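This report refers to the structure that appears directly beneath it.
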Amino acid sequence: MKDLTQGPIARQLVALAVPIAAGMVFQTLYYLVDLYFVAGLGGPAIAGVSAAGTIAFVVLALTQVLGVGTVALVSHAAGRKDRSEANLVFNQSVVLSALCGLLTLACGYLLTGPYVRSVAADAAAAADGASYLYWYAPGLALQFAMVAMGSALRGTGIVQPTVIVQVLTVVLNTVLAPVLIAGWGTHRPLGVAGAGLASTISIACGVVCLWVYFVRLEHYVALRPALWRPRAQTIGRLLNIGLPAGGEFFMMFVIMVVIYWAIRGFGPDAQAGAGVGSRVMQAFMLPVLAIAFAASPLAGQNFGARNVARVRETFWVAAVMSCVCMLASTLLCQWRPEKLIRIFTTDAAVIAVGATYLRICSWNFVASGIIFTCSSLFQAVGNTWPSLLSSVFRLATFVVPAVWLSLQTGFQLRQLWYLSVGSVALQALTSFALLRGQVRRSLGVDLVTSQPVRTAG
């Protein structure tokens, strides 16, 4: 375990965020490598994989239930130096990961066809999307085990093993993608199915590597079958923290589905352009996500140790770092968005849509940085319901107007992108206001002025 209750906040945040960012970079290469080779199959393949890829937000939401709850409770226990509690939480999260994995696998095979047909632009895109998901479903199911183990380590302040495993899995995926998608060396190209299969094989190897690490090298938290009997109280605490966080990502899934539904009338080129643009934006989000992922265990351990000033300082250091990184990313996307899209496709229609998407939606970056930082602090104090509330607010301010706009004569794609910018800005303001209230109640201090405040009771 790494003690995060002492030492310079900024240095500790950077020490945690840098390896997390490195791991995320390699994790994003998963998608970019697949996208590069899938793009060679044509517009319908890109559109199909992009539309099908929205289902990953559902799995991401479910993994957040595990990950956020595990990081929060393990970091609190670590801050209190309560090793037995940390082990109980970790092993209960392993049990939940197995149950969620089985549920994901079953739903993946039962619901893939109807779901992809409902959001894809045409039959060809739907067929490619379904083929991709059928082979990717086992990998999505295995993500739960990966998240449970990685989150327990992050809660104790250890991130390097997870990063190393992520790097290894991406290297493996990079090797397998051209072989399975394009048929390099085998002369048996599997197309979009190969993209799904490459990811599944890579994730499976990553789970095995982390499992071996826990069995042979990890000592503070360990796999203990004696603690695998479900404990209702511990599972309830995990879910109370994790479910709202998972709900946030489910809201993102709903928003992505609405976007693909709203633009389906513009054809597969529009869906492909939005898909490529959103993947590029995800890549630019990596620094702020890494900072948020690092801030959660750092603030969580200090919350468990009741170090109020360090919790507050963690927020402001993380917020400033996030805003600086996101401002730089915004400027880059404003400069030459076409060049960023052209990395993945030479289709002029797809480039035009993707470049416009990036130029407008990149104004979301700074606001998104604030949202992610607030979310990390909600996780650290063990109350993620306000964060979910801000996501519901964004859902209301985006989905209803988006559906209305899409039904109007003369509807244009850029109207949807501008609506997204406005809704994200409102969410950032809402998240900050809710966090300020949460800090006043939980820690008895004002987040802005640092002055002590009266708390109820």
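Given axes a ≥ b ≥ c from the Cα gyration tensor, I'd like to know whether the chain is rounded (a/c under 1.5), prolate (a/b larger than b/c) or oblate. Judged from the Cα gyration tensor, the chain comes out oblate (a/c at least 1.5, b/c at or above a/b). The listed residues Thr162, Thr346, once ranked by accessible area (1.4 Å probe) with the largest placed first, stand as Thr346, Thr162. Tell me what the chain gives for mean residue ellipticity at 222 nm when only DSSP H runs of n ≥ 4 count, each as -39,500 (n - 2.57), the sum divided by the residue total, rounded to 500 deg cm²/dmol. Mean residue ellipticity at 222 nm (helix-derived): -28000 deg cm²/dmol. Classify region 230-347 as rounded, prolate or oblate, taking a ≥ b ≥ c as the square roots of the eigenvalues of its Cα gyration tensor: rounded when a/c is under 1.5, otherwise prolate if a/b is larger than b/c and oblate if not. Oblate, since a/c reaches 1.5 and b/c is not below a/b.
A simple rule links phi to the HN-Hα coupling: the Karplus curve 6.51 cos²θ - 1.76 cosθ + 1.60 with θ = phi - 60°, which for region 172-181 gives 5, 5, 5, 6, 6, 4, x, 5, 7, 7 Hz, with x for Gly and Pro. Net length available on complete extension from Leu105 to Thr330 is 77.2 nm, with 0.36 nm assigned per residue and the Cα-Cα distance removed. With protein chains left intact and a 1.4 Å probe, residues in region 318-457 average 46 Å² of accessible area per residue.
Given +1 at the Cβ of Lys and Arg, -1 at the Cβ of Asp and Glu and no other charges, the dipole of the chain around its Cα centre is 1040 debye to the nearest 20.
Where does each of 222-234, 281-293 land if you order them by average Cβ count within 10 Å, highest first? Provide the component values of the computation, followed by the final result.
Values: 222-234: 12.4, 281-293: 22.2.
Final packing ranking: 281-293, 222-234.
Taking 0.36 nm per residue of separation and subtracting the Cα-Cα distance, full extension of the segment from Val400 to Val453 would add 15.2 nm.
Give me the net charge of Ala402's neighbourhood, meaning all other residues with Cβ under 15 Å from the Cβ of Ala402; Lys, Arg count +1, Asp, Glu -1.
On the way: positive: Arg264, Arg394, Arg414; negative: none.
Summing Lys/Arg as +1 and Asp/Glu as -1 gives +3.
Protection proxy ranking, highest mean first, for peptides 136-145, 238-247: 136-145, 238-247, where packing is the per-residue count of other beta-carbon atoms within 10 Å, averaged.
For region 76-171, what class follows from the C-alpha gyration tensor (a ≥ b ≥ c being the square roots of its eigenvalues): rounded when a/c is under 1.5, otherwise prolate if a/b is larger than b/c, else oblate? Numbers along the way, then the final one.
On the way: a/c = 3.67, a/b = 2.26, b/c = 1.62.
Because a/c hits 1.5 or more and a/b exceeds b/c, region 76-171 counts as prolate.
A simple count of charges around Val439, restricted to other residues whose Cβ falls under 10 Å of its Cβ and scoring Lys, Arg +1 and Asp, Glu -1, yields +3. With Cα atoms defining each centre, region 144-221 and region 271-319 are spaced 23 Å apart in the structure. Our estimate of slack between Leu239 and Gln6, defined as 0.36 nm per intervening residue step minus the Cα-Cα distance, is 80.9 nm.
The values are calculated or read from the model by the stated rules, or taken from the named source; none is laboratory data. Being a predicted model, the structure only gives us computed values, none of them experimental. Neighbour counts are summed over all protein chains in view; Cβ atoms, including those assigned to glycine, are modelled from backbone coordinates with ideal geometry. Each accessible area value is taken on the protein alone, full model and side chains, heavy atoms only, with ligands, DNA and RNA left out. Shrake-Rupley method; radii C 1.70, N 1.55, O 1.52, S 1.80 Å.
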